[in-house]
Structure formats: structure tokens, C-alpha cells
1. Could you identify the single residue in 279, 310 that is in contact with a Leu (Cβ under 7 Å, 6 or more places away or on another chain) and not hydroxyl-bearing (Ser, Thr, Tyr)?
2. Under 7 Å between Cβ atoms, which residue pairs at least 6 apart in sequence (or on different chains) link something in the stretch 186-202 that is hydroxyl-bearing (Ser, Thr, Tyr) with a partner that is assigned to a loop (DSSP other than H, G, I, E, B)?
3. Scanning the stretch 265-313 for residues that are of a type in the set (Asp, Glu) and over 17 Å from residue 182 (Cα atoms), which turns out surrounded by the most Cβ atoms within 10 Å (Cβ to Cβ)?
4. Kindly establish whether residue 297 is within 30 Å of residue 173 (Cα to Cα) and small (Gly, Ala, Ser).
5. Kindly check whether there is at least one residue in the stretch 174-182 that is closer than 23 Å to residue 267 by Cβ, over 18 Å from the mean Cα position of the chain (by Cα), surrounded by fewer than 20 Cβ atoms within 10 Å (Cβ to Cβ) and of a type outside the set (S, T, N, Q).
6. Given the options 51, 39, 10, name the one that is at pLDDT below 80 and either of a type in the set (Asp, Glu) or not assigned by TED's automatic domain parsing to the domain that holds residue 62 (or both).
7. Report yes if residue 309 is touching a strand residue (DSSP E or B) at 6+ places or on another chain (Cβ under 8 Å), outside the structural domain of residue 164 (by TED's automatic domain parsing) and farther than 30 Å from residue 63 by Cα, otherwise no.
Amino acid sequence: MNQELLLRNEYLVTENRILREKLPSRLRLSNPERSTLAEIGKRLGRKALREVACVAKPDTILAWYRRLVAQKFDGSKHRQYPALRSHQKSKTWWSGWRERTPAGDMTESLAHWPTWAITCPIKRWGTYSVAMGIAPAPKRSQITTWKDFLAAHMNVLAGCDFFTVEVLTWRGLVTYYVLFFLHLESRRVTVGGITRHPDQEWMEQIGRSATQETWGYLHSCRYVLHDRDTKFCASFRAALASGGVKTVALPAHSPNLNAFAERWVRSVKQECLSKVILFGERPLSRVLAEYTRHYHSERNHQGKGNRLLFPVTSNRQPRQRHAIACRQRLGGLLKYYERAA
């Protein structure tokens with residue numbers, strides 16, 4: 001039986017190669033044909049598919065999936081007005097704001113802007129600032145910066161944020177919201193929850209679970225940084241406050257103030273989620289759990305001196321001095337090399 005299957009496979013591979021040479025260089029496949037190839041390729045596995053596939057390699061199927069996700073969020077057909085040019089838009093915005101704003105209010109607001117944001121010169125800036133009670137630039141630079149605040153409270157600070165993942169289900173693409181917490185000092189990441197509907201009750205339950213005295217992952221933190229997303233509702237903030245954790249809402253459009261959390265989102269998407277196709281919530285939970293373990297104990301961190309965050313200690317001595325073993329997760333997607341013990 002095995003010999004017959006091998007001969008059949010050899011014949012089909014040879015036949016496909018001959019037909020491939022007779023056909024055009026690029027094949028046009030329909031969506032049902034792509035779905036059929038993707039479904040069989042999932043059962044076959046990435047490694048075996050890479051060896052036998054001629055039309056759709058694993059990277060090709062991933063490209064189809066990314067295109068499907070991009071089409072879901074494509075809003076170009078619903079645009080009603082053409083976009084203004086960048087220089088015309090900025091010029092119109094500045095002129096209208098300057099006409100509506102008195103000179104004193106304009107000076108007071110611009111004093112708190114970052115240096116790069118002030119593009120238009122204002123005459124007699126020093127006179128206006130002193131009249132409005134604003135200290136000169138050298139005095140303003142003596143206040144505590146955000147970087148100094150983070151460095152002084154790193155051990156009691158945690159950042160939290162949402163990111164979305166598109167998952168294939170029987171109903172098509174479904175958006176799942178992943179809430180995570182990251183301790184700034186140790187860089188330990190905890191996935192707070194995964195849901196399709198992050199409503200008020202769900203957020204309140206997450207807040208109560210995070211501040212438990214014995215096993216809560218925020219029991220050692222005093223402050224939590226988050227953006228101004230409406231999902232961080234008042235009941236969620238109250239639940240954290242009842243556990244002794246104060247929430248700090250960051251200014252709008254300022255992802256750099258929560259840079260550690262944003263960097264973790266980039267890592268998990270670039271190194272893991274962008275290379276797999278998920279079918280349901282359970283595979284998503286398993287993939288995130290595997291990557292979190294890899295992130296903590298098997299991945300070097302540049303911000304921590306290229307060291308492991310929580311290395312797994314072993315009392316066994318290596319049998320050979322130069323023996324190297326490869327540890328794999330998620331079918332070889334995540335790899336870690338260490339000395340064999």
C-alpha cells in the first residue's frame with residue numbers, strides 16, 4: 001500500500017511539472033479554488049506543503065489571507081470627498097485656527113506644544129509669553145519629563161492596551177480584541193482576556209481579576225497607563241482603583257508615551273500572528289500563550305542588554321561543551337537555541 005501511494009505521488013508530481021511548463025507563467029485562481037488549496041494545505045502542514053506545492057506555496061496562502069483581511073477594512077469605496085493635498089490642508093487648518101484664536105490664547109497653547117509642532121513664526125514671542133505668565137524655555141525645561149517619570153516609577157508602573165486579530169470562522173473573518181498588561185520594569189506580559197465584544201461588564205471583570213491580592217497580575221503595581229480608548233470605561237477604572245491601582249489616561253494620539261506596550265504589539269504581530277492563519281478563538285489563545293512563554297524565557301531583549309527576561313534554570317550539566325540544541329514552538333515558527341543538557 002505504501003509503495004503504491006509513493007508511486008502515485010511520484011506520477012502526480014511529474015505530471016504537474018509537465019503541465020506547469022505548458023501553462024502560462026501566472027495562474028488565475030478563483031476564491032473557491034484558493035479556499036480549497038488553503039484547507040488541504042492546513043491539514044498537510046507547512047513543512048510538507050513547502051516540499052510538494054507547485055501553485056500555492058505557504059507564503060502564497062498567507063498573502064491571500066492578508067489580502068482578504070485588507071479587503072475587509074478597505075473603505076475606499078465609501079469615500080465621498082477627495083482628500084486635500086497635505087500642504088493645502090495644513091495651510092487651511094493653521095489659517096482658520098489663527099483667525100479664531102486670540103493672540104494670548106494662541107501663545108499660551110503653543111508654549112506647551114513640542115518644538116517640532118511650531119512651524120509658523122510668531123512675532124515678539126518672548127513678550128507674549130511673559131505677559132501670559134509662562135516661564136521662558138530654560139525654566140520650562142527644568143520640569144520633570146515623561147522619561148524621568150517613567151525611570152523613577154518603573155517598578156510600580158504597568159502599561160495596558162488592546163490589539164485586534166482577524167480570525168477565520170464559519171461566518172468569515174471575525175475581529176477579536178486582545179487586552180494585555182505589561183510590567184515596565186520586568187517586561188512581563190500577561191494577556192488579560194480575549195473577546196469579540198469588550199463591553200462594560202467584561203472590562204469590569206478584567207479589572208477585578210487583575211487586582212486580586214494573591215494571584216492578580218497588577219497587585220504589585222500602583223499605576224496603569226492606557227490610552228483614551230472608550231473601552232477603558234469608568235467601571236474598569238473604578239475596579240482597578242478599588243484594588244489600589246490608579247489609572248493614568250495618556251493624551252490623545254501619543255503612542256510614544258506607552259512605548260513598551262506598543263513595542264510588544266509589534267513583536268507579537270511581526271514574529272508570530274502575521275505568519276499564521278487562525279481558525280477560532282481557541283487557536284488564538286494557544287498561539288498567544290506559546291508566544292508569551294517564548295517572549296519571557298527564550299527571546300533576547302535589546303532593552304535589557306540582550307538577555308533573557310526569565311531564563312529557565314536547570315541543574316543538569318551539559319554533556320558536551322559545544323553541543324547546541326534547538327527548541328521549537330508552534331511547529332518551528334518560534335525557535336530558541338541553547339546548549340544541550
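The values are calculated or read from the model by the stated rules, or taken from the named source; none is laboratory data. Since the model is a prediction, treat every value here as computed from it, not as a measurement. All Cβ positions, glycine included, derive from the backbone under ideal geometry; neighbour counts span all protein chains shown.
1. The conditions single out 279.
2. Listed pairs, sorted by first residue: 186/309; 190/217.
3. Once the filter is applied, the top-ranked residue is 298.
4. Answer is no for this residue.
5. Checked the stretch 174-182: no residue is closer than 23 Å to residue 267 by Cβ, over 18 Å from the mean Cα position of the chain (by Cα), surrounded by fewer than 20 Cβ atoms within 10 Å (Cβ to Cβ) and of a type outside the set (S, T, N, Q).
6. Just a single option satisfies the conditions, and that option is 51.
7. Yes.
Rundown of residues vs (1) acidic (Asp, Glu); (2) in contact (Cβ under 8 Å) with a residue 24 or more places away in the chain; (3) surrounded by 10 or more Cβ atoms within 10 Å (Cβ to Cβ), yes/no style:
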position: 49; (1), (2), (3): no, no, yes
position: 67; (1), (2), (3): no, no, yes
position: 72; (1), (2), (3): no, yes, yes
position: 76; (1), (2), (3): no, no, no
